[in-house]
Amino acid sequence: MASLLTEIIKGRKTFFIAPDKSLFPETYLEDYLALGYESYFINHDTKLPLSTKLEVILSVFTDSIIFINIDYPIQNDSWPAIIKRLLAKFPDAFIGVIYAKKQTLEEKDKLEKFYLFELGIKCGCIQLEYQKRNNFSKLEKTLFANQAMGRRKNVRALCTNSCMMKYRDEFDVLKACTLSDISLSHFTIEVGSEQPISFKDYEKISSIQFFIKGLYFNSDAVLFTTRDTGTSKVYVFAFEKSNGQVGLDPLNRQLLIPKLYQIMEHNCMDVLDKLFQTTTQRLKEKPTGSAANKQSDTQPQEEQSQHTKTDSEEQA
């Protein structure tokens with residue numbers, strides 16, 4: 001199988017930058033996962049500017065979608081200037097903006113015209129309501145319109161030792177396996193040639209005990225497909241409900257969703273945190289007298305100020 005890092009980077013992800021959590025609660029992200037969307041919050045901290053974080057994300061997660069909360073204040077910079085620089089460096093970037101409801105329709109239309117037609121963002125403008133219960137469907141429709149699911153039907157959580165299963169084989173011997181990945185419909189195990197574990201084509205295993213990051217549940221499963229890597233065999237199973245249909249029983253599914261999100265968020269944020277740390281260290285090691293070191297981003301201050309002034313005038 002491909003390396004864990006490669007697998008984590010693969011697949012379309014949506015990053016919400018500095019979201020207003022009073023209008024957009026983080027619990028929505030688990031609900032979007034259940035619908036097939038992999039999404040994360042990127043928050044501000046004092047170690048690295050959000051603009052630099054955005055460059056890191058777009059450099060590594062090249063198929064990602066970015067939604068920026070343009071109401072979030074930026075010191076010594078502006079969101080229009082940042083978006084211009086990003087689109088100059090990443091012309092194919094998928095960027096959208098989020099903002100709180102405007103007082104007048106004219107104000108809303110002016111803002112959207114500026115970001116869509118003058119800056120040229122591709123993923124639209126989302127006006128959030130002050131009643132947050134209305135925002136879930138509005139955001140979900142935007143994710144759907146921007147094909148944020150990518151080519152995947154189900155989002156897989158890549159497992160480590162936190163995902164285990166136990167089952168009884170045809171001889172009633174209890175065996176244990178570590179899961180390679182798990183979704184709401186399937187799970188995968190990889191068995192080395194030295195391990196005394198094998199399965200028959202389309203074999204059904206009843207009452208498998210799953211241990212997923214502290215969650216315990218039972219479910220049946222049917223072998224869906226097998227792949228031989230030369231040094232191991234990869235078995236992909238489909239969950240089977242108690243009524244014989246494909247999938248998890250409703251209660252198990254509801255319990256598994258937050259655990260899947262925890263695993264996926266940990267994997268993605270672990271990669272990003274290491275990249276952010278490396279970037280922070282590299283910026284610290286720049287010559288202290290250089291113009292680059294005086295900037296929070298790579299653009300000279302004079303040009304940055306010009307952009308900020310121009311953008312402010314355009315929005316006025």
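The values are calculated or read from the model by the stated rules, or taken from the named source; none is laboratory data. Just so you know, these numbers come straight off a predicted model, no measurement behind them. As a convention, Cβ positions derive from the backbone with ideal geometry for all residues, glycine included, and neighbour counts pool all protein chains shown. Only protein heavy atoms, including side chains, enter the accessible area calculation; ligands, DNA and RNA are left aside. Shrake-Rupley method; radii C 1.70, N 1.55, O 1.52, S 1.80 Å.
Could you sort the peptides 50-59, 129-138 by per-residue average Cβ neighbour count (10 Å cutoff), highest mean leading?
Put in order of decreasing packing, that is 50-59, 129-138.
Per residue, how much accessible area does the chain show when a 1.4 Å probe rolls over the protein heavy atoms, in square angstrom?
Per residue, the chain has an accessible area of 53 Å².
Give me the one-decimal nm value for the distance between modelled label points at PHE211 and LEU35, 7 Å along each residue's Cα-to-Cβ direction.
Rounded to a tenth, the inter-label distance reads 3.6 nm.
Of all the accessible heavy-atom surface of region 208-291, with the other protein chains kept in place and a 1.4 Å probe, what percent is carbon and sulfur?
53 percent
What residues qualify as long-range amide H neighbours of ILE126, i.e. H under 5 Å apart, gap of 5 or more or another chain, H built at 1.01 Å from N?
Close amide H contacts, sequence-distant or interchain: VAL97, ILE98, TYR99.
Taking the mean number of other Cβ atoms within 10 Å as a proxy for protection, how do you rank 10-18, 254-262, 103-111 from highest to lowest?
10-18, 254-262, 103-111
Could you give the nm distance between label points at LYS284 and GLN131, where each point is 7 Å from its Cα heading toward the beta carbon?
4.9 nm
SER39's amide H: which non-local residues (gap 5+, or another chain) put their own amide H closer than 5 Å, with H modeled 1.01 Å from N in plane and none for Pro or chain starts?
Residues meeting the criterion, in which the H sits 1.01 Å from N, are THR14.
Along the three principal axes, how long is region 1-96 when you take its alpha carbons, biggest first, rounded to the nearest angstrom?
Principal extents (largest minus smallest coordinate, Cα): 45, 32, 25 Å.
Report the Stokes-Einstein translational diffusion coefficient (µm² s⁻¹, integer) for region 206-249, Rh taken as the Kirkwood radius over Cα pairs, at 4 °C with viscosity 1.567 mPa s.
My calculation gives 111 µm²/s for D.
Once R0 is set to 45 Å, what does the formula 1/(1 + (r/R0)^6) return for the Cβ-Cβ distance between ASP45 and ARG168, expressed as a FRET efficiency to the nearest 0.05?
0.40
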